[in-house]
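Throughout, read-outs are computed from the coordinates displayed, never taken from laboratory work. What you see is a predicted model; the values in this text were computed from it and never measured. Cβ coordinates were reconstructed from backbone atoms using ideal geometry, including for glycine residues, and neighbour counts include every protein chain displayed.
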Amino acid sequence: DAGITQSPRHKVTETGTPVTLRCHQTENHRYMYWYRQDPGHGLRLIHYSYGVKDTDKGEVSDGYSVSRSKTEDFLLTLESATSSQTSVYFCAIGSLAGAGNEQFFGPGTRLTVL
Amino acid sequence: GQNIDQPTEMTATEGAIVQINCTYQTSGFNGLFWYQQHAGEAPTFLSYNVLDGLEEKGRFSSFLSRSKGYSYLLLKELQMKDSASYLCAVTRIKAAGNKLTFGGGTRVLVKP
């Protein structure tokens with residue numbers, strides 16, 4: 001199994017507060033991704049990174065920012081959390097070494113914004 | 001843009017066979033993935049198809065027809081532990097960041 005951890009695993013916060021989720025990998029993979037998963041929407045890409053300090057937006061990036069200062073860490077920040085950001089957040093990693101560049105997923109973070 | 005469609009839910013009996021279809025519309029198609037996701041857990045990689053035809057891995061097989069924009073995942077000899085969601089995802093040629101686009105997933109319920 002790919003070495004990916006996410007922290008925290010669960011978080012409850014209030015509207016308007018900042019929240020940072022962390023993804024850590026031990027596989028030295030180049031690509032890292034943040035998704036959110038909601039009923040009826042499947043997995044949707046928020047932001048992704050293709051190297052240290054190289055990041056770009058996904059399809060649902062509004063209200064989120066990311067940073068990658070080291071290969072192994074990819075942070076997702078909600079500057080001012082809203083109830084619509086209540087979701088399960090998955091981090092994934094990928095490289096070109098696998099069959100067609102499959103992605104491996106972390107265990108997920110369940111975020112509730114009250 | 002891209003459009004990926006899968007049925008929302010399917011029910012099957014233990015020991016039977018279930019086929020989960022996935023249709024897609026995308027330019028520059030460069031492969032289709034299937035993932036399995038048990039409730040409350042992370043998705044895990046099942047298969048990858050880029051050429052037309054059938055790929056078999058034990059009880060699971062995946063088929064692709066590029067000309068029809070169609071794939072299916074076939075689960076044979078169903079077991080209770082196969083109750084999960086199955087996610088179809090596509091990638092495109094030179095997709096920035098090797099991005100995947102996922103369908104909404106198909107929840108499969110296996111009954112005794």
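Exactly one condition in (1) away from chain B (no Cβ under 11 Å); (2) surrounded by 22 or more Cβ atoms within 10 Å (Cβ to Cβ) is not met by A:Cys91; state its number.
Answer for A:Cys91: the failing condition is (1).
For the structure I just gave you, tell me whether A:His10 is surrounded by 14 or more Cβ atoms within 10 Å (Cβ to Cβ) and more than 15 Å from B:Pro43 (Cβ to Cβ).
Taking the combined requirement at face value, the residue does not satisfy it.
Which of the strands (runs of 3 or more DSSP E) contained wholly in the stretch B:14-112 include at least 1 residues that are within 9 Å of chain A (Cβ to nearest Cβ), buried (at least 20 other Cβ atoms within 10 Å of the Cβ) and touching a helix residue (DSSP H, G or I) at 6+ places or on another chain (Cβ under 9 Å)? Steps first, please.
On the way: elements: B:18-25, B:29-37, B:44-49, B:53-57, B:60-65, B:70-75, B:84-92, B:100-102, B:106-111.
Where strands (runs of 3 or more DSSP E) fall fully within the stretch B:14-112 and carry at least 1 residues being within 9 Å of chain A (Cβ to nearest Cβ), buried (at least 20 other Cβ atoms within 10 Å of the Cβ) and touching a helix residue (DSSP H, G or I) at 6+ places or on another chain (Cβ under 9 Å), they are B:84-92.
Could you grab the pairs with beta carbons closer than 8 Å, sequence gap of 6+ or different chains, first residue in the stretch B:30-49 and under 11 Å from B:Tyr86 (Cβ atoms), second one of a type in the set (D, E, K, R) and in a strand (DSSP E or B)?
B:Leu46/B:Lys57; B:Ser47/B:Glu55; B:Ser47/B:Lys57
Looking for something surrounded by fewer than 21 Cβ atoms within 10 Å (Cβ to Cβ) and without any contact (Cβ under 8 Å) to a residue 24 or more places away in the chain - is there at least one such residue anywhere in the stretch A:18-39?
Within the stretch A:18-39, one or more residues are surrounded by fewer than 21 Cβ atoms within 10 Å (Cβ to Cβ) and without any contact (Cβ under 8 Å) to a residue 24 or more places away in the chain.
Considering the stretch B:55-112 alone, what residues qualify as being within 15 Å of B:Gln25 (Cβ to Cβ) and small (Gly, Ala, Ser)?
B:Ser65, B:Ser67, B:Gly69, B:Ser71, B:Ala89, B:Gly103, B:Gly104
Any residue in the stretch A:102-113 that's more than 7 Å from chain B (Cβ to nearest Cβ) and in a loop (DSSP other than H, G, I, E, B): show its pairings with residues that are of a type in the set (Ser, Thr, Tyr) and surrounded by fewer than 19 Cβ atoms within 10 Å (Cβ to Cβ) at Cβ separation under 6 Å, as long as the two are six or more apart or on different chains.
Taking only residues 6 or more apart or on different chains, not a single pair turns up.
Answer yes or no: is there a residue in the stretch B:41-62 that is closer than 11 Å to B:Thr106 by Cβ and not hydroxyl-bearing (Ser, Thr, Tyr).
no
Please go through the stretch A:11-51 and give me each residue that is of a type in the set (A, V, I, L, M, F, W, C) and away from every other protein chain (no Cβ under 14 Å), ordered by number. Walk me through how you get there before you give the answer.
Narrowing the stretch A:11-51 to residues of a type in the set (A, V, I, L, M, F, W, C): A:12, A:19, A:21, A:23, A:32, A:34, A:43, A:45-46.
Selection gives A:Val12, A:Val19, A:Leu21.
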